Structures are given as structure tokens and as C-alpha cells.
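Structure first, then comments.
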Amino acid sequence: MTMPFPAPTDPASERTEVFLRYLDYFRETAIAKVLALPDDERRRSRLPSGWTPLELLKHLRYVELRWIEWGFQGGTVGEPWGDRREDRWHVTPDESCDALVTALRAQGAHTAAVVASNELTAVGAAGPRWEGAPPATLERVLFHLLQEHARHAGQLDIVVEIAGGPVGE
């Protein structure tokens, strides 16, 4: 692991810093788990649900895109569900691990920039992401992203262990 776990005792100037530290940690943990696998294992599912580690990386990128750009910012996103085909995660054979990692990190940088320029109490822009409901605050969006990244990093722990990769954080 290249990034230390953000200890609760580490000083932080603001709550946004805490959110971003944990998001970065879980994002990089997921990336490290996938990179620890040989390429054939990255594209192989070891679960009855059928998802692969590369599909999960792509999904995490789209989760941030949907919640930050399409949701909180209310931006136009060409394919907000571009991580899915026929109601499941999908990666084409020509999508490389390097490209998916780069896209996820770039999306994370965008998330950090949005967080840096807004208060946690800021309410997102109205738009189709909210399906007619009132938009969420940035804090609620970040809390959702944090649980999503943490949950999926935990799922990768299991998949990587089954595949014979490194065990633990």
C-alpha cells in the first residue's frame, strides 16, 4: 500500500480534508488491489455476481462522475451510466487497466477540486441525477462516495485474496 490509512488522530484543518483523505485512501487502495493482480485476474470474475476487478474500477470512476459532476454540479454528462451494459458493470476488451486507473484518478482530482471550492453545506444543483428529489448537500454526497469506495475496497480484499494476491490492507 502506497498511502497510509488516515488515522483519526491526524490533525485536519477542516472536515472536507477528512473526507478527501479517506476518499483518496480508499480509491488508492482499490487501485493497488487491482494492480496487484495479473492481467488475466483483473478481467476474470471469481464471484457469482460476475463482476471483474477492472469493472469495479470503472464503476468507481462513474460513481464519482454521477455524484459530483452530474449530481452536485448539475453538469451535462454524455453517458452517466457508461460503466453499465445490460444492467451490469462492463469493460470492453480494449479498455486497459492503465487507462481505467488514470480515469479514476482524474475523476478523484476533479472531486477534490469541487470539494475545495465549496462548503460542505452547499446544496447541489437541481437536475436529472436527483430524479425530482431535492438535491443533496456536498457533505451528503461525500458521505455516500466514502461508503461506496470503502465497501468496494472491502469487496476487492476478498476477490484479490481468492485470486492469490496480497492479503489485508
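The values are calculated or read from the model by the stated rules, or taken from the named source; none is laboratory data. Note that the coordinates shown come from a computational prediction; the quantities given were computed from them, not determined experimentally. Here the Cβ positions follow ideal geometry from the backbone for every residue, glycine too, while neighbour counts run over all protein chains shown. These area figures cover heavy atoms from the full protein model, side chains too; ligands, DNA and RNA do not enter into them. Shrake-Rupley method; radii C 1.70, N 1.55, O 1.52, S 1.80 Å.
Data overview
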read-out	value
Helix 53-64 vs. the chain, principal-axis angle (Cα, 0 to 90°, nearest 10)	0
Accessible carbon and sulfur surface of the chain relative to its total accessible area, %, 1.4 Å	55
Computed over the chain: relative contact order in percent, which uses C-alpha pairs under 8 Å that are six or more apart	31
Karplus (6.51, -1.76, 1.60) ³J(HN,Hα), θ = phi - 60°, over the range 144-159, in Hz, Gly and Pro reported as x	5, 4, 4, 5, 5, 5, 5, 4, 6, 5, x, 4, 5, 3, 5, 4
Value of [θ]222 nm, deg cm²/dmol, for the chain, DSSP H segments ≥ 4, -39500 (n - 2.57) each, nearest 500	-16000 deg cm²/dmol
Surface accessible to a 1.4 Å probe, per residue, for the residues of the range 1-48, Å²	59
Acute angle (nearest 10 degrees) that the helix 15-35 long axis makes with the longest principal axis of the chain, alpha-carbon atoms	20
Contour excess over end-to-end distance, with Cα ends at E161 and D40 and 0.36 nm allotted per residue	42.1 nm
Full-stretch length increase - E14, H144 - with 0.36 nm per residue and alpha-carbon distance subtracted	45.0 nm
Computed label-point distance, nm, for sites E131 and A99 using a 7 Å Cα→Cβ extension	3.1
Solvent-accessible area per residue for the range 97-169 (1.4 angstrom probe, square angstrom)	51
Computed Kirkwood radius, in angstrom, where 1/r is averaged over Cα pairs of the range 28-169	15.8
Coil-residue GluC sites (Glu not before Pro) of the range 1-69, DSSP, other Cβ within 10 Å capped at 14	E14
Long-range HN-HN contacts of T137 with modeled amide H, under 5 Å	G124
